[in-house]
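Report on the following structure.
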């Protein structure tokens, strides 16, 4: 099940990118997955949610955009598309 490895890589990327925003909390990560990428989206979601429950990033959510081939997409995408970040309150 390589989806577990992909979920771990996504969390690593979230940590890396979020370090650029000290004190902020990442709420959601968007991922684009092409139809020819060989990734089972439900398995990825399950692995991701299971890992997040055991992590300081909880309650991080994942949004998966399935990309069929054609209309400007290759179908082999596996990309981090965005992070939704909540900035810390300034008092």
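When the residues of region 6-35 are narrowed to those that are closer than 30 Å to residue 72 by Cβ, surrounded by fewer than 15 Cβ atoms within 10 Å (Cβ to Cβ) and more than 12 Å from the chain's Cα centre (by Cα), which ends up modelled with the lowest pLDDT? Only one residue fits best here, namely 20. Looking only at region 70-91, filter to residues that are in a loop (DSSP other than H, G, I, E, B) and loosely packed, with under 13 Cβ neighbours inside 10 Å; which one of those is farthest from the chain's Cα centre (by Cα)? Top of the filtered list is 91. If you go through region 52-64 and keep only what is touching a strand residue (DSSP E or B) at 6+ places or on another chain (Cβ under 9 Å) and either more than 12 Å from residue 37 (Cβ to Cβ) or exposed (fewer than 11 other Cβ atoms within 10 Å of the Cβ) (or both), you end up with 52, 57, 59, 60, 61, 62, 63. For residue 43, the stated conditions do not hold, so it cannot be described as surrounded by 15 or more Cβ atoms within 10 Å (Cβ to Cβ), in a loop (DSSP other than H, G, I, E, B) and under 16 Å from the mean Cα position of the chain (by Cα).
Across region 24-40, the qualifying residues are those that are assigned to a loop (DSSP other than H, G, I, E, B) and touching a strand residue (DSSP E or B) at 6+ places or on another chain (Cβ under 8 Å), and the one among them that is nearest to residue 84 (Cα to Cα) is 24.
Consider region 47-69 and keep the residues that are farther than 22 Å from residue 22 by Cα and in a loop (DSSP other than H, G, I, E, B). The one that is modelled with the lowest pLDDT is 69.
The values are calculated or read from the model by the stated rules, or taken from the named source; none is laboratory data. The structure presented is a predicted model; accordingly, all values stated were derived computationally and were not measured. FYI the Cβ positions are ideal-geometry reconstructions off the backbone, even for glycines, and counts take in every protein chain you see.
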